[in-house]
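Structure first, then comments.
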Amino acid sequence: MAQPVRFAAVGGVNTATFYACYLPLHRLLPYFAAYSLAFALSMAGSFLLNTYFTYRTRPTWKKFLLFPLTQVTNYGMQSAGLVALVGWCGMNSTLAPLAAAAFALPAGYLVSRRILRPPARAGATADATAGATADATAGPAQDAAGQAGAAPVRSGDPA
């Protein structure tokens with residue numbers, strides 16, 4: 001299953017968790033306060049599901065501390081959508097959070113991927129590419145600019 005599909009599946013589980021918190025809180029609090037509290041409660045589960053299932057990476061404290069940045073993006077987009085749908089479009093405040101979540105999905109995926117599965121360092125990628133080129137051709141390795149150089153010394157190679 002591709003990452004965007006897994007992300008959407010986790011989003012569905014997270015939305016169900018959020019909604020299960022939102023509905024009882026909505027009876028006790030104004031809709032926006034209920035929304036904010038339910039959003040905060042569902043964040044930890046979202047982090048664990050996204051690290052283990054979506055991106056298949058280990059959770060770390062660094063990622064955990066950065067993960068709220070993904071939620072800030074989500075929260076901002078969903079909040080704006082919620083207010084627009086309820087206040088401007090007259091949508092029912094019980095259903096509006098679900099529609100707002102759907103609108104925020106693409107941006108949430110891009111930000112969470114960047115935090116939970118950061119791209120490889122540019123230097124590491126160039127080194128790996130140069131090593132793969134040398135292995136594949138049995139000729140001299142090339143640097144990032146395509147210039148031939150000495151073949152890399154590997155631990156099993158004679159000096």
- Query: Here are some conditions: (1) assigned to a helix (DSSP H, G or I); (2) at pLDDT 90 or above. Tyr75 meets all but one. Which one does it not meet?
  - Reply: (2)
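One line per residue, one yes/no per condition, for (1) assigned to a helix (DSSP H, G or I); (2) open to solvent by less than 30 Å² (accessible area, probe 1.4 Å); (3) in contact (Cβ under 8 Å) with a residue 40 or more places away in the chain:
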residue	(1), (2), (3)
Ala20	yes, no, no
Phe32	yes, no, yes
Phe53	yes, no, yes
Leu69	yes, no, yes
Gly81	yes, yes, no
- Query: Restricting attention to region 55-67, and to residues there that are in a helix (DSSP H, G or I) and in contact with a Phe, Trp or Tyr (Cβ under 8 Å, 6 or more places away or on another chain), which single residue is most open to solvent (accessible area, probe 1.4 Å)?
  - Reply: Phe64
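The values are calculated or read from the model by the stated rules, or taken from the named source; none is laboratory data. Bear in mind that the values here come from a model prediction, so they are computed numbers and not experimental data. For neighbour counting, all protein chains shown are included, and Cβ atoms are generated from backbone atoms with ideal geometry for every residue, glycine included. Just the protein is used for accessible areas: all its heavy atoms, side chains included, with ligands, DNA and RNA removed. Shrake-Rupley method; radii C 1.70, N 1.55, O 1.52, S 1.80 Å.
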